[in-house]
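The structure appears below as structure tokens.
The values are calculated or read from the model by the stated rules, or taken from the named source; none is laboratory data. The structure presented is a predicted model; accordingly, all values stated were derived computationally and were not measured. A quick note on method: Cβ atoms are made from the backbone with ideal geometry, for glycine too, and the neighbour counts reach across all protein chains shown.
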Amino acid sequence: MKPAVSIVIPTFRRPDRIIKTITSALEQTGIDELVEIIVLDNDPEASAKYPVMQLTKSETRWPVIYGHEPAPGVANARNAALKLAQGDLIAFLDDDQYATAHWLQEMIAVQRQTKADIVFGPVQGRTHDDIPHKDYIERSFSNSGPEHSGIITHFYGCGNSLFSRKRFFNEYLVFNPSTNETGGEDCELFCRVEQEGAVFAWAASALVFEEIPPDRANLRYNFIKAFSFGQGPTQTAWQQRNLGRVAYWMAVGLAQAIVYGTLSIPLWLFRSAKRADMTDRAAQGLGKLLWFKGFEPRFYGASVL
């Protein structure tokens, strides 16, 4: 029987974490539909194969399907997973996330109620270490939205999302391979389908937690991530060849970089609790201004091998 829902979990060199993510998917409650779990290993050395195959040898409530895409890159991984997925609804979890018990039930309920093409849910970042700027770092890995579920006018990230294939997401390359090393594959896709009339919704109770690894739980990584995030609007405007929007976002970025950068100086001098947030905004502004090729940080794919 064809599954109604495919839970897709792309993974890259996190064999010690992936089982926790899969287990959280298998422990979902309130689900009557047939579900499959697609684990797409994007490590050329297939580091997730052994732990996932060990899991598949045991009896699980839903089938766990292992797939391997040896060409590293976030878009490659997601596209390869979509080729394997048979469900009309595709739920994405990242390999450092784990879902709460009613996550999938809430996502499906909101999609059916709103008929949305993409449903997003809240993400709460977590680090278990007592680190400097812990509150800022956890928030930088979190997504929060409206208090109540329903239609929304903007999109979030791909981690903790549910796609309906009724109108979109059936073509060969859903995610743009040019984003394999830089990320932003989800933003590029969502901007594109938004122009084509895609409907977005928010599932307020569909919470997932995201565990922040030590190499990302620091200011340097998060400020670079903020810079990369800031590049998104200007890069999207350029892809659409909308020169007016390019100029607009560059002007916004210049203003943000100057204003927030200037305000951050006394906050650092006086060790204010707000200093990291202010620097984050300045970094985002700088990203809107310096959006060109050559300035793109590379977090994924071949660049991290």
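Somewhere in the range 161-170, is a residue surrounded by fewer than 22 Cβ atoms within 10 Å (Cβ to Cβ) and within 14 Å of the chain's Cα centre (by Cα)? Scanning the range 161-170 turns up no residue that is surrounded by fewer than 22 Cβ atoms within 10 Å (Cβ to Cβ) and within 14 Å of the chain's Cα centre (by Cα).
Assess whether residue 178 counts as being of a type in the set (Gly, Ala, Ser), surrounded by fewer than 18 Cβ atoms within 10 Å (Cβ to Cβ), in contact with a Pro (Cβ under 9 Å, 6 or more places away or on another chain) and touching a residue at least 24 places away in the same chain (Cβ under 8 Å). Walk me through it before giving the result.
Details: of a type in the set (Gly, Ala, Ser): yes; surrounded by fewer than 18 Cβ atoms within 10 Å (Cβ to Cβ): yes; in contact with a Pro (Cβ under 9 Å, 6 or more places away or on another chain): no; touching a residue at least 24 places away in the same chain (Cβ under 8 Å): yes.
No, not satisfied.
Residue by residue through the range 117-164, note down the ones that are touching a residue at least 40 places away in the same chain (Cβ under 8 Å) and of a type in the set (S, T, N, Q). Answer for the range 117-164, where residues must be touching a residue at least 40 places away in the same chain (Cβ under 8 Å) and of a type in the set (S, T, N, Q): 124, 127, 140, 142, 149, 153, 160, 161, 164.
Return yes or no: is residue 290 under 29 Å from residue 177 (Cα atoms) and either in the same structural domain as residue 70 (by TED's automatic domain parsing) or surrounded by 20 or more Cβ atoms within 10 Å (Cβ to Cβ) (or both)? I'd like the intermediate steps shown before the answer.
Details: under 29 Å from residue 177 (Cα atoms): yes; either in the same structural domain as residue 70 (by TED's automatic domain parsing) or surrounded by 20 or more Cβ atoms within 10 Å (Cβ to Cβ) (or both): no.
The answer is no for residue 290.
Taking the criterion of being in contact with an Asp or Glu (Cβ under 8 Å, 6 or more places away or on another chain) and of a type in the set (A, V, I, L, M, F, W, C), the only residue of the range 127-141 that qualifies is 141. Can you go through 161, 144, 205, 178 and tell me which one is in contact with an Asp or Glu (Cβ under 7 Å, 6 or more places away or on another chain) and among the small types (Gly, Ala, Ser)? Checking each option against the conditions leaves just 205.
Among the candidates 22, 37, 7, single out the residue that is surrounded by 22 or more Cβ atoms within 10 Å (Cβ to Cβ) and without any contact (Cβ under 8 Å) to a residue 40 or more places away in the chain.
Values: 22 fails: without any contact (Cβ under 8 Å) to a residue 40 or more places away in the chain; 7 fails: without any contact (Cβ under 8 Å) to a residue 40 or more places away in the chain.
So the residue among 22, 37, 7 that is surrounded by 22 or more Cβ atoms within 10 Å (Cβ to Cβ) and without any contact (Cβ under 8 Å) to a residue 40 or more places away in the chain is 37.
Out of the range 110-140, which residues are under 18 Å from residue 100 (Cβ atoms), out of contact with any Phe, Trp or Tyr (no Cβ under 6 Å at 6 or more places or on another chain), surrounded by 14 or more Cβ atoms within 10 Å (Cβ to Cβ) and not β-branched (Val, Ile, Thr)? Answer for the range 110-140, where residues must be under 18 Å from residue 100 (Cβ atoms), out of contact with any Phe, Trp or Tyr (no Cβ under 6 Å at 6 or more places or on another chain), surrounded by 14 or more Cβ atoms within 10 Å (Cβ to Cβ) and not β-branched (Val, Ile, Thr): 111, 121, 122, 138.
Do you know which residues across the range 185-197 are farther than 12 Å from residue 78 by Cβ and under 16 Å from the mean Cα position of the chain (by Cα)? Give the derivation first.
The initial filter retains those residues of the range 185-197 that are farther than 12 Å from residue 78 by Cβ, namely 187, 190-197.
Hits for the range 185-197 are 187, 190, 191.
Where residues in the range 235-268 are modelled with pLDDT under 95 and within 30 Å of residue 96 (Cβ to Cβ), which of them is surrounded by the most Cβ atoms within 10 Å (Cβ to Cβ)? Within the range 235-268, the match that is surrounded by the most Cβ atoms within 10 Å (Cβ to Cβ) is 235. Residues in the range 261-278 that are without any contact (Cβ under 8 Å) to a residue 60 or more places away in the chain, assigned to a helix (DSSP H, G or I) and under 15 Å from residue 140 (Cβ atoms): 275, 278.
From the list 275, 298, the lone residue that is touching a Ser or Thr at 6+ places or on another chain (Cβ under 7 Å), under 25 Å from residue 189 (Cβ atoms) and surrounded by fewer than 22 Cβ atoms within 10 Å (Cβ to Cβ) is 298.
If only residues of the range 193-233 that are of a type in the set (A, V, I, L, M) and farther than 19 Å from residue 156 by Cβ are counted, the one that is surrounded by the most Cβ atoms within 10 Å (Cβ to Cβ) is 217.
Residues in the range 182-224 that are among the β-branched types (Val, Ile, Thr) and over 19 Å from residue 94 (Cβ atoms): 193, 199.
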